[in-house]
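Participant: Could you have a look at this structure, given as structure tokens, before my questions?
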């Protein structure tokens with residue numbers, strides 16, 4: 001993967017608004033943003049109602065994912081272009097999700113909704129009607145998803161990257177500072193994890209830094225890119241962002257997103273925890 | 001548009017346990033052309049970034065339809081950066097338990 005296959009620019013979006021092969025999908029943490037205005041022709045997925053199982057804590061089943069895409073007129077050969085607020089956190093999570101279920105051509109708008117707004121590009125309220133398809137997903141690709149037992153086994157051996165803010169890593173905060181302070185049962189981080197906040201990879205306007213800068217951020221923090229890497233945060237969205245940087249932009253293989261993240265790990269009985277910077 | 005009687009600042013603190021939260025909040029306003037309201041009109045979807053005392057990014061929010069935002073920070077010194085089309089404004093602010101920092105930011 002590379003920037004050329006994984007990212008599109010806002011100019012590209014403007015040129016492809018009417019492209020019938022392309023479906024724009026907005027995925028936000030604040031799900032009211034889409035109703036306030038979205039890119040012309042874009043549909044939206046709700047990060048919880050559409051993308052979480054709801055009964056067990058897990059991704060939706062293959063059948064539910066197929067139904068979601070079919071209902072929204074996404075075909076197997078559609079170019080899916082994701083974007084969202086909050087520096088594309090939930091959009092990169094959806095990108096990872098599309099990759100889990102084997103979608104061929106999925107991309108992200110560099111800068112997401114923020115850059116679109118900062119450029120004062122047009123947003124519309126009209127919700128498009130799309131003809132249904134019969135989407136067929138692949139079986140889940142768990143080579144990009146980490147589970148708790150492999151995270152525990154990775155302590156002291158593989159790269160573990162904690163992409164939360166320094167205050168969450170040290171145990172000062174339990175959640176990002178724009179949310180009420182709820183999280184795992186305890187505060188802190190997974191021992192031997194390196195704290196490389198997701199935000200290091202983004203420019204102020206929400207676009208990604210250059211590949212050279214990105215690589216130096218991880219290598220400079222002591223991540224050996226020849227080894228397997230597991231990224232985590234609080235609930236798996238910010239770490240999907242960092243997974244995207246490593247796996248999709250830098251083309252590093254063997255990078256997994258631990259979507260159980262701190263809300264799972266910080267509630268496990270008997271696992272080691274570290275605090276402090 | 002804000003009416004003349006509205007209290008400037010961030011969203012209502014009803015239901016927020018101030019004894020456990022150090023809040024930084026406020027409203028982003030821009031002088032309107034035709035609105036005739038001295039405080040200006042709220043700017044929805046401005047982007048407010050919270051940087052820690054080392055200048056490192058901690059969190060970011062778009063303002064709501066009333067131009068408001070709220071961070072649940074830790075006590076200490078913080079920097080806010082407000083981004084809107086053609087605008088970048090930086091402010092220093094302190095957070096403390098029990099006493100919300102409530103700001104009116106003109107851009």
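Participant: Test each condition in (1) closer than 24 Å to residue A:115 by Cβ; (2) in a strand (DSSP E or B); (3) free of Cβ contacts under 8 Å to residues at least 24 places away in the same chain for residue B:92 and report the one that comes out false.
Facilitator: Going through the list (1) closer than 24 Å to residue A:115 by Cβ; (2) in a strand (DSSP E or B); (3) free of Cβ contacts under 8 Å to residues at least 24 places away in the same chain, residue B:92 breaks only (1).
Participant: Another one. Would you confirm whether any residue within the range A:12-24 is surrounded by 14 or more Cβ atoms within 10 Å (Cβ to Cβ), touching a strand residue (DSSP E or B) at 6+ places or on another chain (Cβ under 8 Å) and within 16 Å of residue A:92 (Cβ to Cβ)?
Facilitator: yes
Participant: Could you please find all residues in the range A:254-277 being in a helix (DSSP H, G or I) and in contact (Cβ under 8 Å) with a residue 40 or more places away in the chain?
Facilitator: If the condition is that a residue be in a helix (DSSP H, G or I) and in contact (Cβ under 8 Å) with a residue 40 or more places away in the chain, then A:262, A:263, A:264, A:265 are the ones that fit.
Participant: Within the bounds of the range A:219-228, is there any residue that is surrounded by fewer than 22 Cβ atoms within 10 Å (Cβ to Cβ) and under 29 Å from residue A:30 (Cα atoms)?
Facilitator: Within the range A:219-228, not a single residue is surrounded by fewer than 22 Cβ atoms within 10 Å (Cβ to Cβ) and under 29 Å from residue A:30 (Cα atoms).
Participant: Something else now. Would you tally the residues in the range A:179-193 being modelled with pLDDT of 85 or more and surrounded by 17 or more Cβ atoms within 10 Å (Cβ to Cβ)?
Facilitator: Count: 5.
Participant: To continue, here is another question. Being under 30 Å from residue B:20 (Cα atoms) and touching a strand residue (DSSP E or B) at 6+ places or on another chain (Cβ under 6 Å) narrows it down to one of A:197, A:272, A:191, so name that one.
Facilitator: A:191
Participant: Go through the range A:157-173 and report how many residues are assigned to a loop (DSSP other than H, G, I, E, B), surrounded by 21 or more Cβ atoms within 10 Å (Cβ to Cβ) and in contact (Cβ under 8 Å) with a residue 24 or more places away in the chain.
Facilitator: Selection size over the range A:157-173: 3.
Participant: For residue A:140, are the conditions met, namely being within 26 Å of residue A:209 (Cα to Cα) and within 20 Å of the chain's Cα centre (by Cα)?
Facilitator: no
Participant: Name the pairs: first residue in the range A:21-36 and within 13 Å of chain B (Cβ to nearest Cβ) and assigned to a helix (DSSP H, G or I), second residue buried (at least 21 other Cβ atoms within 10 Å of the Cβ) and at pLDDT below 95, Cβ to Cβ under 7 Å, at least 6 apart or on different chains?
Facilitator: A:33/A:85; A:34/A:28
Participant: If I filter the range A:132-143 for residues that are assigned to a helix (DSSP H, G or I) and surrounded by 18 or more Cβ atoms within 10 Å (Cβ to Cβ), do I get at least one hit?
Facilitator: No, that holds for no residue.
Participant: Now for a separate question. Show the residue pairs that are 6+ apart or on different chains and have beta-carbon atoms under 9 Å apart, the first residue being within the range A:186-204 and away from every other protein chain (no Cβ under 14 Å) and in contact (Cβ under 8 Å) with a residue 24 or more places away in the chain, the second being surrounded by fewer than 16 Cβ atoms within 10 Å (Cβ to Cβ) and assigned to a helix (DSSP H, G or I).
Facilitator: Going by the 9 Å Cβ cut-off, the qualifying pairs are A:190/A:152.
Participant: Being in contact (Cβ under 8 Å) with a residue 40 or more places away in the chain and farther than 16 Å from residue A:87 by Cα is the filter here, so list the residues in the range A:208-220 that pass it.
Facilitator: A:211, A:218
Participant: Condition (residue is at pLDDT below 95, within 12 Å of another protein chain (Cβ to nearest Cβ) and touching a helix residue (DSSP H, G or I) at 6+ places or on another chain (Cβ under 6 Å)) applied to the range B:63-76: is it met by at least one residue?
Facilitator: Checked the range B:63-76: at least one residue is at pLDDT below 95, within 12 Å of another protein chain (Cβ to nearest Cβ) and touching a helix residue (DSSP H, G or I) at 6+ places or on another chain (Cβ under 6 Å).
Participant: Would you point out the residue of the range A:161-176, among those that are facing another protein chain (nearest Cβ under 9 Å) and more than 19 Å from the chain's Cα centre (by Cα), that is farthest from residue A:87 (Cα to Cα)?
Facilitator: Within the range A:161-176, the match that is farthest from residue A:87 (Cα to Cα) is A:172.
Participant: Condition first: more than 11 Å from the chain's Cα centre (by Cα) and either part of a loop (DSSP other than H, G, I, E, B) or at pLDDT 90 or above (or both). Now tell me which residues in the range B:44-59 satisfy that.
Facilitator: Of everything in the range B:44-59, those that are more than 11 Å from the chain's Cα centre (by Cα) and either part of a loop (DSSP other than H, G, I, E, B) or at pLDDT 90 or above (or both) turn out to be B:44, B:45, B:51, B:52, B:53, B:54, B:55, B:56.
Participant: Looking at residue A:84, is it within 14 Å of chain B (Cβ to nearest Cβ), more than 19 Å from residue A:258 (Cβ to Cβ) and buried (at least 16 other Cβ atoms within 10 Å of the Cβ)?
Facilitator: Considered against the rule, which asks whether it is within 14 Å of chain B (Cβ to nearest Cβ), more than 19 Å from residue A:258 (Cβ to Cβ) and buried (at least 16 other Cβ atoms within 10 Å of the Cβ), residue A:84 comes out as yes.
Participant: Next up: Criterion first (at pLDDT 95 or above, more than 14 Å from chain B (Cβ to nearest Cβ) and surrounded by fewer than 23 Cβ atoms within 10 Å (Cβ to Cβ)) does residue A:154 satisfy it?
Facilitator: Yes, satisfied.
Participant: Any chance you could count how many residues in the range B:85-97 are surrounded by fewer than 21 Cβ atoms within 10 Å (Cβ to Cβ) and at the interface with chain A (Cβ under 10 Å from one of its Cβ atoms)?
Facilitator: 4
The values are calculated or read from the model by the stated rules, or taken from the named source; none is laboratory data. This structure is a prediction, so every number in the text was calculated from the model and none was measured. Backbone-built Cβ (ideal geometry, glycine too); neighbour counts: all protein chains shown.
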